[in-house]
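Written below as structure tokens is the structure these notes are about.
The values are calculated or read from the model by the stated rules, or taken from the named source; none is laboratory data. As the structure is a computational prediction, the values presented were derived from the model and not from experiment. Positions of Cβ are generated from backbone atoms using ideal geometry, with glycine treated the same way; all protein chains shown enter the neighbour counts. The area values use the complete protein model at the heavy-atom level, side chains included, leaving out ligands, DNA and RNA. Shrake-Rupley method; radii C 1.70, N 1.55, O 1.52, S 1.80 Å.
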Amino acid sequence: MRIAVLKERAHGETRVAIIPETVKKFTALGAAVAVETGAGLSASVSDQAYAEAGAELTTAAEAVAGADIVLAVQAPDVALLHGAKPGAWVAAAFDPFGQPGRVDAYAKGGLEALAMEFMPRITRAQSMDILSSQSNLAGYKAVLAAADQYGRAFPMMMTAAGTITAARAFIMGVGVAGLQAIATARRLGAQVSATDVRSATKEQIQSLGAKPIFVENVAGIEGEGSGGYATEMSEEYRRAQAELVSSHIAKQDIVITTALIPGRAAPRLISDAQIATMKPGSVIFDLAVAQGGNVEGSVPDQVVVKHGVRIMGFSNTPAHLPADASALFSRNLFNFLSAFWDAEAQRPVLDEEIGGAVRLTQGGKVVNERLLGSGE
Ligand code: NAD
């Protein structure tokens, strides 16, 4: 069983799919691990550290030659995978809805694409879930990046020169990223409020010491929603939400938006007119900027100033914490493959529930129900 890991080639990608700890763990299972030279440098992992953990350091083409499994953060171009075993697995983030062409190319190339973002939200798969591990770090980083752009302090400070008032932070969308954003903003000393369409988040917001701000007159999503995910909301709900946000947002200094709907463009939560009501110097961090944006006028990797408000968002937020993001991503991959390791076959053998959910291509065809349109 040969596992290959390449240097990530996507623009701005600093993460790497394996760390020395997981090299050792795969080796202990009986696999040989080949890593492209320099693959970990942007995540602060030296070639030497990989070599000491037992990996073979080599060129991309040699690493892939004869590989049974390729691990990546973002699925590599198929051209890079020539020489892998026929039917080799590639476990990575595929952005399957956003990049259907890449999925087709994997099918044509006879590769088995395993999309880690399609991991089902079931208890036993929690440790394999890259969306959770990366969103958690993204929620943390969004608050730090916003704090850095904010010309004031977060905590209340009583000094000899006078008192600094605490910043007010509003978190919109309370999934994994939003919960971490609430916790981080609280730790920095801000007064935090938060909103979501899923009613189950109300208690979670309160338990973190923040104030829930919810649409009361139109029903949102009862409980967790399907698989923990939100759906698109009715026109009536959106109007009620816009009203609520308008009255709340004018008093906020920091707004972090995290709202996503799987397979759809991110919902628009903040309009230019609402931004105009905010105080100059306020900061909005749009964590959904790469999925279409929750905020009117947000541009990936730029700080846009509108009405004196700074609007920002990263195209790849976890890539701003490459060492921790890589460590968690790589453990997600290890937890996934090791959970299915068949000692006799000396390789992982996936079951239907998880294998069927993540597998995009097999035997030259696209096989995933969500992509074939019958599973959504
Ligand atoms: P997500 O990234 O898909 O969305 C972020 C948040 O935005 C969600 O809370 C969603 O409800 C909210 N949202 C969507 N549209 C909105 C709108 N119009 N206005 C306001 N908010 C809106 O979600 P996520 O972070 O991946 O997690 C969602 C849930 O799934 C959480 O409750 C999480 O605990 C759960 N989860 C479970 C597992 C598991 O059991 N294995 C793993 C991960 C997450």
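Quick notes on this structure:
- Nonlocal amide H pairs with I284, under 5 Å, H built at 1.01 Å: V255, R310, I311, M312
- Angle between the chain longest axis and helix 235-249 axis [Cα atoms, degrees, rounded to 10]: 60 degrees
- Fraction of beta bridges assigned by DSSP in the chain that are antiparallel (%, nearest 5): 20 percent
- DSSP assigns beta bridges within region 175-317; of those with both partners inside it, close to 20 percent run antiparallel.
- Helix axis angle, 20-29 relative to the chain longest principal axis, alpha carbon, degrees: 40 degrees
- Order by protection proxy (mean Cβ within 10 Å, highest first), peptides 218-225, 101-108: 101-108, 218-225
- Top of V349, V366, V289 by mean-square fluctuation, Gaussian network on the chain, Cα under 10 Å: V349
- Highest-MSF residue in the chain out of E236, E117, E62 [GNM, Cα springs under 10 Å]: E236
- DSSP assigns beta bridges within region 246-376; of those with both partners inside it, close to 45 percent run antiparallel.
- Amide H contacts under 5 Å for V192: A169, K211, restricted to partners 5 or more places along the chain or on a different chain, H placed in the peptide plane at 1.01 Å from N.
- Values of log10 I(q)/I(0) for the chain across q = 0.09 Å⁻¹ run -0.56, by the Debye formula with one identical scatterer at each alpha carbon and no solvent.
- In the structure shown, the pairs K141/K211; K7/K85; K24/K108 are assessed against 24 Å; a Cα-Cα span above that value is assigned to K24/K108.
- A helix-only calculation puts the chain at -9500 deg cm²/dmol for mean residue ellipticity at 222 nm, using -39500 (n - 2.57) for each DSSP H run of at least four residues, averaged over all residues.
- With all protein chains in place and a 1.4 Å probe, the accessible surface of the chain carries 52 percent carbon and sulfur.
- Solvent-accessible heavy-atom area per residue, rounded to whole Å², over the chain at 1.4 Å: 44 Å²
- Sequence ranges 155-163, 47-55, 297-305, ranked by mean other-Cβ count within 10 angstrom, highest first: 47-55, 297-305, 155-163
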